[in-house]
Structure formats: structure tokens, C-alpha cells
Amino acid sequence: MKIRIKGNSIRFRLTRTDMANFEKEGFLEERTEFPNGTIFYYVLTHSTDMKSLNADYSDNTITIQVPDDIAAQWTGTEIVGFSHEITLPSGRCLGLLIEKDFACLDHSKEDQGDMYVNPNREC
């Protein structure tokens with residue numbers, strides 16, 4: 001699972017293995033360790049209480065909660081992803097996006113063997 005953060009936007013991208021594990025376990029966690037001992041976590045989890053994507057940040061952890069019905073649609077179909085905007089008390093919005101990770105088209109040196117076939121590839 002990869003995370004991308006830009007301003008008030010958070011995106012999680014999942015490989016095929018990530019999707020299979022999320023479907024089976026209902027939970028994914030990644031971590032980034034820093035030299036000072038701090039560990040930053042990012043988590044994707046199922047939620048029976050939510051009607052749309054939701055997010056939380058506490059204890060150095062970003063958690064995106066996915067309603068069970070959305071998780072079932074996402075893992076069991078060709079649907080690429082889901083997004084949602086949450087209006088914050090400040091009036092600004094927090095954008096959330098969860099999506100399947102496609103292979104790059106630019107000959108990236110990153111191992112892409114577990115990624116989904118990019119639908120924009122040339123035939």
C-alpha cells in the first residue's frame with residue numbers, strides 16, 4: 001500500500017496482494033520509521049458504522065475507514081477506487097481517495113509485478 005498526501009488530500013493505492021489481504025482481513029497497515037525512533041503508520045480498515053469513507057489521525061497514525069458495502073464493491077469488482085470529501089470544522093475539505101495501483105507507463109524502475117494492468121497501456 002502506498003500513501004500520497006498533498007495539502008488536504010490523502011490517497012492510498014493498493015497492489016493486487018494488498019487488495020487480496022484487505023478483502024480477507026479487512027485491515028492493512030504500513031509503517032515508516034524515522035531515525036529519531038518515531039514510527040508513522042497508515043491504515044486502511046473496514047467499518048460497519050460508516051456510510052462513506054472517513055479518516056482519522058491519532059498516535060502517529062492516519063486511518064481511512066471504508067464502509068463494508070464499499071469495500072465489497074471495490075475488492076469484488078473491476079471498480080478502480082472510491083473518493084469522498086469531508087467538510088472540516090474550518091470549512092475546508094479533506095479529500096480521500098482509495099484506488100487500485102496501476103503499473104506505470106513511463107518505464108519506472110519500481111517493481112510493478114504486483115500492480116494492476118494500466119488501462120491506458122498501448123496495444
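Of the residues that make up segment 77-97, is at least one acidic (D, E) and touching a Lys or Arg at 6+ places or on another chain (Cβ under 6 Å)?
Taking segment 77-97 first, the residues acidic (D, E) are 78, 85.
Still in the running and touching a Lys or Arg at 6+ places or on another chain (Cβ under 6 Å): none.
Within segment 77-97 (the criterion being acidic (D, E) and touching a Lys or Arg at 6+ places or on another chain (Cβ under 6 Å)), the answer is no, since none of the residues qualifies.
In a strand (DSSP E or B), at pLDDT below 90 and surrounded by 10 or more Cβ atoms within 10 Å (Cβ to Cβ) - does that describe any residue in segment 101-119?
Step one: list which residues in segment 101-119 are in a strand (DSSP E or B), which gives 102, 116.
Now drop any that are not at pLDDT below 90, which leaves 102, 116.
This time we only want the ones that are surrounded by 10 or more Cβ atoms within 10 Å (Cβ to Cβ), so: 102, 116.
Yes, there is a match, as at least one residue in segment 101-119 is in a strand (DSSP E or B), at pLDDT below 90 and surrounded by 10 or more Cβ atoms within 10 Å (Cβ to Cβ).
Being modelled with pLDDT of 95 or more, out of contact with any Leu (no Cβ under 9 Å at 6 or more places or on another chain) and surrounded by 14 or more Cβ atoms within 10 Å (Cβ to Cβ) is true for just one of G91, G95, G7, G37. Which residue is that?
On the way: G91 fails: surrounded by 14 or more Cβ atoms within 10 Å (Cβ to Cβ); G7 fails: surrounded by 14 or more Cβ atoms within 10 Å (Cβ to Cβ); G37 fails: surrounded by 14 or more Cβ atoms within 10 Å (Cβ to Cβ).
Residue meeting the stated conditions: G95.
Could you list, in sequence order, all residues of segment 31-84 that are within 22 Å of G95 (Cβ to Cβ), part of a strand (DSSP E or B) and among the hydrophobic types (A, V, I, L, M, F, W, C)?
F40, V43, L44, A55, I62, I64, V66, F82
The values are calculated or read from the model by the stated rules, or taken from the named source; none is laboratory data. Keep in mind it's a predicted model, so treat the numbers as computed, not measured. Cβ: placed from backbone, ideal geometry, glycine included. Neighbour counts: every protein chain shown.
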